[in-house]
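Reading through the structure tokens given below for one structure.
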Amino acid sequence: MMWRVGTVVALHDETATARTIALKVPDWPGHIAGQHVDVRLTASDGYSAVRSYSIASAPNAEKRVELTVERLPNGEVSPYLTQELAVGDRLELRGPIGGWFVWRTQQTEPIQLVAGGSGIVPLMAMIRWRASTGSTAPFRLLYSVREPGAVFYRDDLQALSDRDNKVTLTYAYTRVAPKDWSRPPGRIDAALIAQTTWPSNLSPTCYVCGPTSFVESAAGLLTAIGNNPDKIRTERFGPTGDRK
Amino acid sequence: MNSHTYEYEYLDGNAAGGELSNIFTMDVTAAKGQCAHCGATKRFAEAHLYMQAPGVVARCAVCEHVILRFVKGRQRAFLDLSGMTCLILDTSQPQEC
Amino acid sequence: MGIISRGFSGRRSAADAKLPPGQYLTTDFPVLSAGPTPHIPLDQWEFVIDDGTNVLRQWDWKSFRDLPTETFTVDLHCVTRWSKLGTSWEGVSVDTMLADVKTDASYAMARSYGDYTTNLPLKDLRNGQAWIAFRFDNKDLAPEHGGPARLLVPHLYLWKSAKWVKGLTLMSHDKPGFWESLGYHTYGDPWREQRYSGDE
């Protein structure tokens, strides 16, 4: 798989620490919702660093690839991508990568998405692809974040959960919940899984993404309510949510 | 297993897809692999992956034994699959949309 | 080499100091690992020197900590290209560990909790070149950096400085360890840039 060069055409802050980078990649071969890319940065003395980022945008015909990057406090690459990178700069990408953690429109069964923090990114690509193709596959999203300000794509998610053929959306706040929120702040637990995810007898295909500890916990809760482990697809972002 | 405790520092097989595309032309993350140590058969995407190392090391999610190692040297790359009994790849699914 | 990313320099600083070829200076202390971090309770820790058949010497944590220690400052060079200069440690010299060991062996395999191994010539572990280190930067060595104790052999690439070390197996013939069996150089001198097997 070769390295391709994309040009930054737009930047959009999702939260105080996360930014979506829109790239135009002239020779982009297309991708499937859920795939990721490796991004390589090279300093003028030849030093290089590689990180993986999920593609946030749905497949499209415009050679457009969007990545949403969260700035990590001690990151080496994420501070550069979220603060230094400017429109017009070029970025090297390798991909698209991955054939397992993907959703295709041929899948018509109920889909359960479970996101922890920045794990929402590849799931958003799936949600966007479903919307742009008009698929009526039943989708539910359980999105766990620390606090309201940490939500990515809030407006898009709002729009997609409001209309016909909607995605059923549940937020779970782990540290700080909005005022008057019915559920006190806390990690997702068996009760929330039972209340908000597809019943396991419907044999949903589940996609769980986020920091490693979140994924292990959420996947465990999904199997505990009867989902077959073969029906649970996972993507782990490492201890802090950063890959590599 | 034993009294040692393990933290959630690993990635998973998905993260190795880019590096392993140097060797595998078909998607390896969806491939099923059988651990030669404990016999567990799982998707490679579920393998515990350690990439912050001189090479890629994938470990069985069940028993933590090494199932795959990959190093890219100067003119040669080294692949050790001795920890895996077999790898079953799906040749039917294209990677593009 | 890839296209240059405008304004990117990574987590590094300018170096006046001379570094081995191909290395970059870091002020960080990256954690690189081939497996999960073992957490070894001190009441279960042991260090064993054997010859593959017989135990020659062994220590538990208490008897190990009764040995004379040294404090020392060394430079670290990792094969993944980062170098960290002037790191301070406290440890027991491997000369002390080998003091009463009678052997004809020329090589040693350092063995770690987990499954990591690395091979070295025995003479590179002698004469003040190697320690079993248990304190870094005036603090107990953290598990992610190899605590409670790691081997430290700073004149070779850092993969030879086995984290979570639990012993040495003395060998008459050289055998490759974890990375050496997968294309890394059997000796690993950073000043001759011996990263991969076949490098001179």
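What follows draws every value from the coordinates through simple rules; no lab data is involved. Every value quoted in this text rests on a predicted model; they were computed, and no experiment measured them. Glycine gets a Cβ as well: all are built from the backbone with ideal geometry, and neighbour counts include every protein chain shown.
Projecting the Cα atoms of A:Thr196, C:Gly114, C:Thr71 onto the charge dipole of the protein assembly as shown (Cβ charges, centred on the Cα centre) puts A:Thr196 farthest toward the positive pole. Taking R0 as 51 Å, what FRET efficiency do you get between A:Ser44 and B:Val62 from their Cβ-Cβ distance, rounded to the nearest 0.05? Computed FRET efficiency for A:Ser44 and B:Val62 comes out at 0.65.
For A:Lys179, a cut-off of 29 angstrom between C-alpha atoms picks up these lysines, skipping any fewer than 8 places away in its own chain: A:Lys166. The aspartates and glutamates whose alpha-carbon is closer than 15 Å to the alpha-carbon of B:Lys72, local same-chain residues fewer than 8 away aside, are B:Glu19, B:Asp80, C:Glu180, C:Asp199. Here A:Leu202, C:Leu182 are placed in order of increasing Cβ neighbour count within 10 Å, fewest first, which gives A:Leu202, C:Leu182. In order along the range C:29-42, the phi-based Karplus estimate (6.51 cos²θ - 1.76 cosθ + 1.60, θ = phi - 60°) of 3J(HN,Hα) comes to 9, x, 9, 10, 8, 9, x, x, 6, x, 10, 9, x, 4 Hz; Gly and Pro are listed as x. Here is the link list: A:Lys231/B:Lys32; C:Lys18/C:Lys160; C:Lys139/C:Lys166. Which ones come out longer than 18 Å on Cα distance? In this structure, C:Lys18/C:Lys160; C:Lys139/C:Lys166 exceed 18 Å between Cα atoms. Each listed q (0.12 Å⁻¹) maps to a log10 I(q)/I(0) for chain A from the Debye sum over equal C-alpha point scatterers, namely -0.66. Under 5 Å from the amide H of C:Lys166 lie the amide H atoms of C:Arg111, C:Ser112, C:Tyr113, each residue being 5 or more positions distant or on a separate chain, with H modelled from the backbone and absent for Pro and chain starts. Would you work out if the range B:8-50 is rounded, prolate or oblate? Take a ≥ b ≥ c from the square roots of the eigenvalues of the alpha-carbon gyration tensor; rounded if a/c is under 1.5, else prolate when a/b is larger than b/c, oblate otherwise. It comes out oblate by the Cα gyration axes.
Tell me the mean residue ellipticity at 222 nm calculated for chain A from its helices only (DSSP H runs of n ≥ 4, each -39500 (n - 2.57), averaged over every residue, nearest 500).
-5500 deg cm²/dmol
Distance between the C-alpha centres of the range A:117-194 and the range B:32-50: 31 Å, rounded to the whole angstrom.
Extending 7 Å from the Cα toward the beta-carbon at both A:Lys179 and C:Lys139 defines two label points whose distance is 4.0 nm.
Peptide A:30-41 has a mean of 4 when you count, residue by residue, the C-beta atoms of other protein chains within 10 Å of its C-beta. Sorted fewest first by neighbouring Cβ atoms within 10 angstrom, C:Leu56, B:Leu20 come out as C:Leu56, B:Leu20. One compactness figure for the protein assembly as shown is 1.03, namely its Cα radius of gyration divided by 2.2 N^0.38 Å. Database remark: amide H of C:Leu25 closer than 5 angstrom to the amide H of C:Ser13, C:Ser83 (H placed geometrically; neighbours at sequence offset of 5 or more, or on other chains; Pro and chain starts carry no H). Under 16 Å from a label point set 7 Å out along the Cα-to-Cβ vector of A:Trp3, the amide N atoms of the range A:28-56 belong to A:37-53.
Rounded to the nearest Hz, the phi-derived 3J(HN,Hα) couplings of the range B:40-47 under the Karplus curve 6.51 cos²θ - 1.76 cosθ + 1.60 (θ = phi - 60°) are 5, 10, 9, 4, 4, 4, 8, 5, where x marks glycine and proline. Taking amide hydrogens as placed 1.01 Å from N in the peptide plane, the amide H of C:Ser197 sits under 5 Å from those of C:Tyr184, C:His185, each at least 5 positions away in sequence or on another chain.
Taking a ≥ b ≥ c as the square roots of the Cα gyration tensor eigenvalues, the range A:95-145 comes out oblate, since a/c reaches at least 1.5 and a/b does not exceed b/c.
The order of the peptides A:187-200, A:121-134, C:165-178, B:47-60 by mean Cβ neighbours within 10 Å, most packed first, is B:47-60, A:121-134, C:165-178, A:187-200.
The range C:37-97 and the range A:70-108 have Cα centres lying 40 Å from one another.
Taking a ≥ b ≥ c as the square roots of the eigenvalues of the Cα gyration tensor of the range A:104-244, is the shape rounded (a/c under 1.5), prolate (a/b larger than b/c) or oblate? Note, shape of the range A:104-244 comes out rounded.
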